[in-house]
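The values are calculated or read from the model by the stated rules, or taken from the named source; none is laboratory data. As the structure is a computational prediction, the values presented were derived from the model and not from experiment. Using ideal geometry, Cβ is built from the backbone for each residue, glycine included, and neighbour counts are taken over all protein chains shown. These area figures cover heavy atoms from the full protein model, side chains too; ligands, DNA and RNA do not enter into them. Shrake-Rupley method; radii C 1.70, N 1.55, O 1.52, S 1.80 Å.
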Amino acid sequence: KPQLVASNERFCRFLEEYCPVVTETYYPTIWCWEGRVQTLLRPFITSRPQVQYRNELIRTADGGQISLDWFDNNDSLYYPDASTRPTVLLLPGLTGTSKESYILHMIHQSETLGYRCVVFNNRGIAGEDLLTPRTYCAANTEDLEAVIHHIHSLHPSAPFVAAGVSMGGMLLLNYLGKSGRDTPLMAAAIFSAGWNVFESVESLEKPLNWLLFNYYLTTCLQSSISRHRQMLEKLFDMDLVMKARTVREFDKQFTSVMFGYRTIDDYYEDASPCRKLKSVGIPVLCLNSMDDVFSPGHAIPVETAKQNANVALVLTSCGGHIGFLEGIWPRKCTYMDRVFKQFVQAVFEHGNQIFNV
């Protein structure tokens with residue numbers, strides 16, 4: 001059974017009644033139960049539901065642009081009135097976009113419940129041009145704040161929640177820690193967030209993890225900015241950035257410099273959500289696996305979570321990073337998908353029982 005960490009008894013009872021999946025025994029797929037195997041295989045095993053998006057480009061205060069992919073769900077039987085149709089904002093991982101299979105599955109789950117979804121694509125990675133020499137990072141929440149304000153201004157009467165995966169979860173937690181109760185979001189769900197960036201990069205630099213994940217992730221980061229090389233060369237030595245062989249080297253040469261940090265340690269400290277968890281002011285459910293090499297179990301802030309009545313952690317012993325595969329042939333629904341669906345539905349339909357906890 002997963003470990004449910006929550007100091008607030010009312011929040012616990014709410015989850016047990018309306019999100020019972022968090023109390024069920026999680027049985028990982030028996031032939032790929034190990035965390036690294038789950039992490040590697042999930043993108044290849046899980047199906048990719050068909051989703052038709054409506055794209056919107058919004059401008060930012062600094063002259064940049066952000067690409068939003070909308071799934072309006074205009075055929076919603078449960079919420080035919082678009083002005084009050086519940087809205088779910090989805091934040092993909094580090095180099096992820098609205099095309100990721102885990103995002104498509106969340107939209108598929110939301111569609112069956114009648115909800116509208118919006119995917120927040122970080123600057124420059126969803127095919128749109130960079131208008132300024134700036135991308136994104138886990139610590140800077142300005143773009144996310146602009147997106148949340150924009151969505152809320154379009155549908156001020158619609159119930160509104162957000163779900164973040166991996167770095168998207170870190171960004172969402174950092175935003176919530178900064179905003180406290182001052183947010184239009186009712187609640188949030190976080191999946192496979194890296195809680196302490198120092199511990200995450202150290203884990204990813206172990207020889208096998210570097211071979212399986214770190215080098216590939218670094219090349220993905222480099223690929224995401226290479227298309228914008230002409231714009232970024234105004235500020236960076238791009239040849240040096242392209243020589244990085246680890247995420248830490250990339251962040252040292254690029255990310256920390258772009259966002260004005262004196263050292264990479266300053267950036268990693270600011271990007272670590274464990275430092276801001278005590279300030280979260282709305283109900284948040286966080287799912288992590290203890291065998292996630294991107295977010296080591298020993299770095300999950302269990303004691304800090306117990307000090308905030310708005311926070312609940314669900315910790316599984318297996319599942320890897322955005323894995324959580326279950327069943328003999330886990331093509332469709334993962335344990336993570338079920339947690340997402342039940343929690344979001346619980347908030348929209350019974351959330352008045354946990355607000356202002």
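Quick one: if the Förster radius is 45 Å, what FRET efficiency do Q353 and D239 give, using the C-beta to C-beta distance and rounding to 0.05? Numbers along the way, then the final one.
Details: r = 56 Å, r/R0 = 1.25.
Result of the calculation: an efficiency of 0.20.
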- [ ] Express the carbon and sulfur contribution to the solvent-accessible surface of the chain as a percent, rounded to the nearest whole number, probe 1.4 angstrom.
- [x] 52 percent
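Could you order M258, M290 by accessible surface area, starting with the largest, using a probe radius of 1.4 Å? List each step's numbers first, then the result.
Working: M258 35, M290 85 Å².
Highest to lowest solvent-accessible surface, that is M290, M258.
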Open item on the list: Please report the spacing between the Cα centers of region 11-33 and region 224-251 in Å, no decimals.
Closed with: 41 Å
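So between R48 and S223, what do we pick up on full extension, going 0.36 nm a residue minus the alpha carbon distance?
The span from R48 to S223 would gain 60.7 nm if fully extended.
When the Kirkwood radius is taken over all Cα pairs of the chain, what Stokes-Einstein diffusion coefficient follows at 4 °C and 1.567 mPa s, in µm²/s? Intermediate values should be presented prior to the final figure.
Values: Rh = 20.4 Å.
Estimated via Stokes-Einstein, D reaches 63 µm²/s.
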Open item on the list: I need to check one value: relative contact order of the chain, counting alpha carbon pairs closer than 8 Å and at least 6 residues apart, in percent.
Closed with: 27 percent
Task: In range of the label at T263: residues from region 133-147 whose backbone nitrogen is under 14 Å from the point 7 Å along Cα→Cβ - done: none
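Determine the gain in length on full extension of the stretch K1-E16; use 0.36 nm per residue of separation and subtract their C-alpha separation, reporting nm with one decimal. Numbers along the way, then the final one.
Working: separation 15, 0.36 × 15 = 5.40 nm, distance 1.29 nm.
4.1 nm is the gain from fully extending K1 to E16.
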- [ ] Would you please state which residues of region 277-296 a label at S317 would reach in this model, taking the label point 7 Å out along Cα→Cβ and a backbone N cut-off of under 12 Å?
- [x] 290-291
Open item on the list: So if I restrict to the alpha-carbon atoms in region 197-271, what is the Rg, and what is Dmax, the biggest pairwise distance, in Å?
Closed with: 12.4, 36
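Quick check: residue separation of E34 and L211 times 0.36 nm, minus the Cα distance between them. What number comes out in nm?
Numbers: separation 177, 0.36 × 177 = 63.72 nm, distance 1.66 nm.
Stretched fully, the E34-L211 segment lengthens by 62.1 nm.
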TODO: Can you spot the lysines whose alpha carbon is less than 26 Å from K332's alpha carbon? Ignore those fewer than 8 places along the same chain.
DONE: K1, K99, K341
TODO: At 1.4 Å probe size, with every protein chain present, just tell me what the per residue accessible area of region 99-138 comes to in Å².
DONE: 26 Å²
Open item on the list: I want to make sure I understand the PRE zone here: with the label point 7 angstrom from the Cα of T132 toward its beta carbon, which residues in region 252-270 have backbone N atoms less than 20 Å away?
Closed with: 254-262
TODO: Report ³J(HN,Hα) in whole Hz for each residue of region 14-25, in order, from the Karplus equation J = 6.51 cos²θ - 1.76 cosθ + 1.60 where θ = phi - 60°; Gly and Pro get x.
DONE: 4, 5, 4, 7, 9, 9, x, 4, 6, 9, 7, 5
